[in-house]
């Protein structure tokens, strides 16, 4: 136990020194070209630190890997970040500092709040393309956020993928019904209206909507409401772990055979690690292959090799790591396309390059070629927890929304 | 009106309110004896819950050994905080003391993030999982057994404060520190005892609440939401903490069930506003008259 604590402590201390250094520079490269900077407001502390640590590791490892491949068109890559504690004002301050000192071509934003807050400045500067932890539907509004994109499906599209899967399980005249359970936050409410509209289009009845506090203490009253409507499926959104576990355990204790599903941030392996056997059967929509999936591909293999090389003891890498790596992959693709076209690296040109991505092979990170639609990658797959194996297994084909 | 549904959610609310009452008791005992509003009570709860996780999860002890160890650990933490950080503040402005408790809360959050990382956690299951039925009314087992365990501690506390020498010393100090001191009561020891007992109640509540709702370094925020309970009941009233705890738990749950989860907090704050207008010192708090 104490050895474990010390080990974790050492790892955190190592991270701390990285934070203190503030920058993770590219390895020295025999290249004369100007470095391309990936900036980042990264939540290494605060409420989102559980993911922020892995996001940071993913961006750091990708930077090391791309530099080992010769950088981007011969330009070395530098990753410059600051810890934000998941606070919008600190994220904004970090952006101003990094954009003032390092002129980042691309930037990782740690929250929807930050990405909305920084939009006017980003738009007026016009130098940087931004993506990050957010899958907010609002950010796919090209008018308001021309230099921001979503590294996967937005939350409404995730609901769309989930609902398509649910509809595919129905037989003629016997369409399953569904209940939405979401947190009383901007994050939680994001896909609900679009989700209800999509459900209506597919002929799925939304029999109940439950709103809870984000880390709700007790959900037994909400479970009692669900018992009365006996939904075939419950879709969670706006949570990481609790209260998903309590809903699942209590509803199963009541003898309900409801199936449970969640969106990206509710579909990490954390659910399996913490819930154990209770997690069995839980399903999530995930745009990327899991680190421990049986899928392969040149980029997925490179990711695994780099992860193993940078921290051999870390083992499984969570979805935050995969998401960060994919963000950096997209940035690289966009920068390459812009440079190849002989254009200047600015927001307009990079946004144009992003929009040109069509049938892009991600080397196994996503299982099918992907096409950008409205600054997002509307693709995903439904995965189900096999608690005995301790991992998610695919239960649907890849679903690419039009 | 579905009376069965109303009965079930009322029962769930009352049981949850019992746990709120236990946390509120932690606030009140400390305030009553020392006049310090302890804003770190939620983090003490959190720390005890992490201790339980370490003992029952990491060290794989029996939960029934880990539970008292964690609760004792939390109460020792309270005692140490009082002796090392609060006592030197005696005589200082109440705002300064409050700021110290806020600082302690921050330190405890940093400490648990350092030791246990920022990952959300679930405590090992230690409460029975069979559904509990009272007549036809269903009650979630964790809430039911959590309420039972919390109630046992509440009864022990009430008996202790009513009949024991320590309890009488605490009540005497709360009534008049100077008179208690002149009667030979070791007031400093009473202060320390209040922090130990207050933290003990909060620690038990911390483990029971975390067993239901999960645990993370942000868990301590629950302590602040229970501040509403304490203000409604009266900052210096044990009876107020118990009554208001149960009432607010019931109100939150019923409001959540009938109006939607987003109305839980507005409902409780509405009650708080009304109570503050009618009885600014809380339902059962002492109405202090200051003569100048």
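The values are calculated or read from the model by the stated rules, or taken from the named source; none is laboratory data. No experiment lies behind these values; they were computed from the predicted model shown. Cβ atoms come from the backbone with ideal geometry, glycine included; neighbour counts cover every protein chain shown.
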Any hit, the range B:54-74, residues being part of a helix (DSSP H, G or I), within 14 Å of chain A (Cβ to nearest Cβ) and touching a strand residue (DSSP E or B) at 6+ places or on another chain (Cβ under 9 Å)
yes
So which residues in the range A:356-383 are more than 26 Å from residue A:145 (Cβ to Cβ) and crowded, with 18+ Cβ neighbours inside 10 Å?
A:364, A:367, A:381, A:382, A:383
Quick one: in the range A:268-301, of everything that is within 14 Å of chain B (Cβ to nearest Cβ) and part of a loop (DSSP other than H, G, I, E, B), which residue is surrounded by the most Cβ atoms within 10 Å (Cβ to Cβ)?
A:268
Modelled with pLDDT under 90, part of a helix (DSSP H, G or I), out of contact with any strand residue (DSSP E or B) (no Cβ under 7 Å at 6 or more places or on another chain) and under 19 Å from residue B:21 (Cβ atoms) - does that describe any residue in the range B:260-272?
yes
Quick one: in the range B:94-148, which of the residues that are modelled with pLDDT of 90 or more, in contact with a strand residue (DSSP E or B) (Cβ under 8 Å, 6 or more places away or on another chain) and part of a loop (DSSP other than H, G, I, E, B) is farthest from the other protein chains (Cβ to nearest Cβ)?
B:123
Just to be sure before I move on: is residue B:80 within 23 Å of residue B:189 (Cα to Cα) and without any contact (Cβ under 8 Å) to a residue 60 or more places away in the chain in the structure I sent?
yes
Quick test of your reading of the structure: residue A:162 fulfils all but one of (1) more than 25 Å from residue A:58 (Cα to Cα); (2) out of contact with any strand residue (DSSP E or B) (no Cβ under 7 Å at 6 or more places or on another chain). Name the failing condition by number.
(2)
Only residues that are under 19 Å from the mean Cα position of the chain (by Cα) and in contact (Cβ under 8 Å) with a residue 60 or more places away in the chain: list them for the range A:274-294, please.
A:282, A:283, A:284, A:285, A:286, A:287, A:288, A:289, A:290, A:292, A:293
Is there a residue being within 30 Å of residue A:103 (Cα to Cα), touching a helix residue (DSSP H, G or I) at 6+ places or on another chain (Cβ under 7 Å) and surrounded by fewer than 18 Cβ atoms within 10 Å (Cβ to Cβ) anywhere in the range A:313-333?
no
Tell me whether the range A:10-24 contains one or more residues that are touching a strand residue (DSSP E or B) at 6+ places or on another chain (Cβ under 9 Å), modelled with pLDDT of 95 or more and at negative phi.
no
Restricting attention to the range B:268-292, the residues that are within 14 Å of chain A (Cβ to nearest Cβ) and within 18 Å of the chain's Cα centre (by Cα) number exactly 1
Looking at the range A:123-159 only, could you name the residues that are within 17 Å of residue A:100 (Cα to Cα) and out of contact with any strand residue (DSSP E or B) (no Cβ under 6 Å at 6 or more places or on another chain)?
A:123, A:124, A:125, A:126, A:127
Exception for residue A:313 within (1) over 21 Å from the mean Cα position of the chain (by Cα); (2) modelled with pLDDT under 95; (3) closer than 25 Å to residue A:187 by Cα; (4) outside any helix (DSSP H, G or I) falls at (3)
What single numbered condition from (1) within 14 Å of chain A (Cβ to nearest Cβ); (2) crowded, with 20+ Cβ neighbours inside 10 Å; (3) free of Cβ contacts under 8 Å to residues at least 60 places away in the same chain fails to hold for residue B:265?
(2)
Failed item in (1) more than 7 Å from chain B (Cβ to nearest Cβ); (2) crowded, with 17+ Cβ neighbours inside 10 Å, with residue A:209 passing the rest
(2)
Taking the range A:214-254 only, how many residues are more than 9 Å from chain B (Cβ to nearest Cβ) and over 24 Å from the mean Cα position of the chain (by Cα)?
7
When you go through B:224, B:251 one by one, which is the residue that is away from chain A (no Cβ under 11 Å), surrounded by fewer than 24 Cβ atoms within 10 Å (Cβ to Cβ), outside any loop (DSSP other than H, G, I, E, B) and at pLDDT below 90?
B:224
Might you check whether a residue that is within 14 Å of chain A (Cβ to nearest Cβ) and either farther than 27 Å from residue B:4 by Cβ or out of contact with any strand residue (DSSP E or B) (no Cβ under 8 Å at 6 or more places or on another chain) (or both) occurs anywhere in the range B:230-242?
no
